[in-house]
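Visitor: Next up is a structure, given as structure tokens.
Computed from the coordinates by the stated procedures, all read-outs in this text should not be read as laboratory data. Quantities reported herein were computed from a predicted structural model and do not represent experimental measurements. Ideal geometry is used to build each Cβ from the backbone, glycine not excepted, and the neighbour counts take in all protein chains shown.
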Ligand SMILES: [Fe+2]
């Protein structure tokens with residue numbers, strides 16, 4: 001018997017299909033962990049104000065990412081939506097928090113359990129700026145819909161629309177600017193401390 005809502009299995013299937021067919025970089029990064037037979041943990045469903053904006057994203061996907069976005073829209077009411085930051089963090093005010101949120105699909109804490117991979121999907125409204133941050137796990141971002149200017153220490157900025165892949169090594173500082181459009185992006189993480197809050201600059205970590 002399925003432990004989770006059927007839409008979550010469909011969303012995981014959509015990611016597996018996309019990575020196999022479209023994203024050799026992500027396949028090399030975490031393909032085996034993505035296709036592993038995960039244990040399942042039914043997490044409490046939580047909503048956030050930002051989820052009301054998700055439906056508009058289907059028109060901002062590309063043909064290859066649209067199946068993931070469609071599956072995500074089906075799953076959205078059955079997910080544990082979360083935020084890493086609060087108004088106590090510099091750069092995050094009430095407006096930001098009303099237009100931002102993420103959920104884990106695969107993570108040590110579930111709903112699909114993996115100690116080797118965290119796959120989280122985040123939404124940021126148009127006009128937001130995700131300040132500099134870093135984390136021990138290596139990361140690949142995949143834009144699913146909308147776009148961002150991905151800012152990473154040590155290289156030129158990248159404007160990344162649907163299908164764009166941006167990789168970060170462990171603890172490489174990075175930021176993202178959503179001045180032009182909202183962003184729906186998947187983040188694939190591997191390494192230690194998969195569920196730790198990202199680090200912020202000293203003056204922000206109040
Ligand atoms: Fe990151």
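Visitor: What angle do you read, to the nearest 10 degrees and between 0 and 90, between the alpha-carbon axis of helix 6-22 and the longest principal axis of the chain?
Guide: Long axis of 6-22 versus the principal axis of the chain: about 70 degrees.
Visitor: Where does helix 24-35 land angle-wise versus the long Cα axis of the chain, in degrees 0 to 90, nearest 10?
Guide: 50
Visitor: Based only on Cα atoms, what Rg/Rh ratio does the chain have, Rh being taken as Kirkwood's radius?
Guide: Rounded to two decimals, Rg/Rh equals 0.93.
Visitor: Give me the angle, in degrees from 0 to 90, between the Cα long axis of helix 66-75 and the longest principal axis of the Cα atoms of the chain, rounded to the nearest 10.
Guide: It is inclined by approximately 80 degrees.
Visitor: In a solvent-free Debye calculation with one equal scatterer on each Cα, what is log10 I(q)/I(0) for region 1-48 at q = 0.17, 0.20, 0.22, 0.25 Å⁻¹, listed in the order of the q values?
Guide: Listed by q, the Debye log ratios stand at -0.60, -0.76, -0.85, -0.95.
Visitor: In nanometres, what is the gap between the two model label sites at residue 74 and residue 195, each 7 Å from Cα along Cα-to-Cβ?
Guide: 2.7
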